[in-house]
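Engineer: Got a structure for you, written out below as structure tokens; questions coming shortly.
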Amino acid sequence: MKIFSAAQIYKADKLTIKNQQISSEALMERAATGLFQWLHERLRGTSVKIHLFCGIGNNGGDGIALARHLHEHGYNVHVHVVNYSEKRSKDFLINLERLKDRKIWPDFLSEKSTLPKIHESDIVIDAIFGIGLNREPEGWVAHLIKHINSSGAFTLSVDVPSGLYSDRVPENLEAVVESNYVLTIQAPKLSFFLPQTGIFVNQWEIVDIGLDPQYLEETETDYQFITKSDIVPLYIPREKFAHKGSFGHSVIMGGSYGKIGAVVLSTKASLNIGSGLVTAYIPECGYGVLQTAVPEAMVVTDDGDDHVKKIKIPFEPTVIGLGMGLGTETGTVHAISEFLEKNKTPLVIDADGINILAKQPGLLKKLPPQTILTPHEGELKRLLGTWKDDFDKLKKTMAFSKEHDCIVVVKGAHTIVIYNGKGYINSTGNPGIATAGSGDVLTGTLTGLLSQGYPALHAAIFGVFIHGLAGDIEASQKGYEAVTASSIINNIGNAFMALFSTKQEEEAPSGD
């Protein structure tokens, strides 16, 4: 699912008006009709009081037109026009006159107005600002937004929560509507998925207004929201006469005294995702643990007793996942540096592997093309340095990815895979996955997919999705708090089953 920029949406509007030979007002009516139908299906004529706060641009025009539809179907509507400027859009004025023709007289709010009373049992529809907002709301408008947020009423925003920008984090976070639900026009917005801005969007759903399909299909976007329909085509089916050698030989390299469990988790994940053979490469202290905990895996031990010191892999692996529990002892750093200088095997690098790269950035030039890096936020900062906000973080990560021809998996509530100037935003996962060892499982998952012949970008996108889906299945059965790294591994098979289930399930592109 493509995520269009504000400029692209405006262009789509203009092309739709031109190619479908309709007026801009007719396009606004489509939006209002879609919004009304969504509400009417759920409210079914209830007598609840509905406050519509409408700006004076096109977002406000959507709200004014929606108010007309609600009134015509007997709903108890109270329309408040937020009079923040002398300028009014043409389509807003058209719909305002239609509202007045039906004897609905809006309450015009200005700086000196008394704020309307909102009961917590009321419904608030927020249509003050849209994606065109380019400056902070005025003081009195910010005060109105705080009043809405403090009311306790269910709040539904049209397209975006008012006060939320499309391309940066607001300076005044108290001047953004905290939406219970967002009905977003045609496509989700990037700000829905980033930690600093996604907090204002509890759940969202698309209202399709029929924008020019050719433009939407052909237009390249910087970001894409990855759902089940995007994942299924990436799957590589298994041939009947295949054997374990057909699915590659993964090496999971890492571990140190007290941190052998990280390698156990990665090794199990690599096997569970379908790697044909898996060898754990670990220091001597972990030999007994691996042989006991993962009998399906082979084990090669390093010269080091409690940490890796000298890397000698006695065969040619298909892919190597490294870094989990590795530590950053001087001998280990030296061993990894020597290894990366000579290695040509595809890599997935996590944890201390990334920390070593950050300490010795010259090694980045030695990485094979399309190496996958899986940093958490702290590790990413060590690689990139600091950033201004979440949007700047993505910009810097994209530049880093291009410079070093690597795939960066930016882990978070919506993990984002970044490569070649594009970001792929994952739709699976939940707060329960924020647990010790979850990242080790992800590294093993990606390594196992690479071993089976998945292209690196597909392996990253597919693996992140399956990892999150496995966590979702576990959370649905036991709750967020009970999700563990081991339970994610145990649900990888169930995630595959869910992915290819013929059961009719509604794909819910919403977040909480």
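The values are calculated or read from the model by the stated rules, or taken from the named source; none is laboratory data. These numbers come from a predicted model, not from an experiment. Virtual Cβ from ideal backbone geometry, glycine too; neighbours counted across all protein chains shown.
Engineer: Are there any pairs, at least 6 apart or on different chains, whose C-beta atoms fall under 6 Å, with the first in the stretch 186-200 and free of Cβ contacts under 8 Å to residues at least 40 places away in the same chain and the second part of a helix (DSSP H, G or I), and if so, which?
Structural biologist: Final answer for the pair search is SER191/THR197.
Engineer: Test LEU363 against the criterion of being more than 28 Å from ASP222 (Cα to Cα) and assigned by TED's automatic domain parsing to the domain that holds HIS458, and give yes or no. Write out each step before concluding.
Structural biologist: Values: more than 28 Å from ASP222 (Cα to Cα): yes; assigned by TED's automatic domain parsing to the domain that holds HIS458: yes.
Yes, satisfied.
Engineer: Another one. Return the residue satisfying two criteria in turn: it lies in the stretch 459-473 and is in contact (Cβ under 8 Å) with a residue 40 or more places away in the chain and aliphatic (A, V, I, L, M), and of such residues it is nearest to GLY412 (Cα to Cα).
Structural biologist: Going through the qualifying residues, I end up with VAL464.
Engineer: Taking the stretch 78-104 as the search range and keeping residues that are part of a loop (DSSP other than H, G, I, E, B) and touching a residue at least 24 places away in the same chain (Cβ under 8 Å), which one is farthest from LYS146 (Cα to Cα)?
Structural biologist: ARG102
Engineer: Test ILE125 against the stated conditions and say whether it is closer than 16 Å to LEU183 by Cβ, β-branched (Val, Ile, Thr) and under 36 Å from the mean Cα position of the chain (by Cα). Break it down stepwise before answering.
Structural biologist: On the way: closer than 16 Å to LEU183 by Cβ: yes; β-branched (Val, Ile, Thr): yes; under 36 Å from the mean Cα position of the chain (by Cα): yes.
The answer is yes for ILE125.
Engineer: What's the total number of residues in the stretch 7-34 that are among the acidic types (Asp, Glu) and touching a Gly at 6+ places or on another chain (Cβ under 9 Å)?
Structural biologist: Residues meeting the conditions: 1.
Engineer: Tally time: how many residues in the stretch 3-31 are more than 27 Å from TYR424 (Cβ to Cβ) and among the small types (Gly, Ala, Ser)?
Structural biologist: Selection size over the stretch 3-31: 4.
Engineer: Quick check on my filter: what residues within the stretch 344-381 are closer than 21 Å to SER438 by Cα, more than 21 Å from the chain's Cα centre (by Cα) and not hydrophobic (A, V, I, L, M, F, W, C)?
Structural biologist: Within the stretch 344-381, ASP352, GLY353, ASN355, THR371 meet the criteria.
Engineer: A further question on this structure: Of all the residues that make up the stretch 1-42, how many are closer than 17 Å to THR219 by Cα and polar (S, T, N, Q)?
Structural biologist: Residues flagged as closer than 17 Å to THR219 by Cα and polar (S, T, N, Q) within the stretch 1-42 amount to 4.
Engineer: With GLN203, GLN186 as the choices, which residue is farther than 29 Å from SER110 by Cα and surrounded by fewer than 19 Cβ atoms within 10 Å (Cβ to Cβ)?
Structural biologist: Answer to the selection: GLN203.
Engineer: Could you give every pair whose Cβ atoms fall below 6 Å, whose first residue belongs to the stretch 157-175 and is modelled with pLDDT of 95 or more, and whose second residue is among the basic types (Lys, Arg), counting only separations of at least 6 or pairs across chains?
Structural biologist: Taking only residues 6 or more apart or on different chains, the pairs are VAL160/LYS189; GLU174/LYS146.
Engineer: For residues in the stretch 206-225 being among the charged types (D, E, K, R) and surrounded by 15 or more Cβ atoms within 10 Å (Cβ to Cβ), which is nearest to the chain's Cα centre (by Cα)?
Structural biologist: Taking the candidates together, the pick is ASP222.
Engineer: Sticking with this structure for a sec: Being under 30 Å from the mean Cα position of the chain (by Cα), closer than 18 Å to VAL81 by Cβ and assigned to a loop (DSSP other than H, G, I, E, B) is the filter here; which residues of the stretch 128-166 pass it?
Structural biologist: ILE128, PHE129, GLY130, GLY132, LEU133, PRO137, ASP159, SER162, GLY163
Engineer: Next up: List every residue pair whose Cβ atoms sit under 9 Å apart, with the two residues 6 or more apart in sequence or on different chains, where the first one lies in the stretch 474-490 and is outside the structural domain of LEU446 (by TED's automatic domain parsing) and the second, anywhere, is part of a helix (DSSP H, G or I).
Structural biologist: The qualifying pairs do not exist here.
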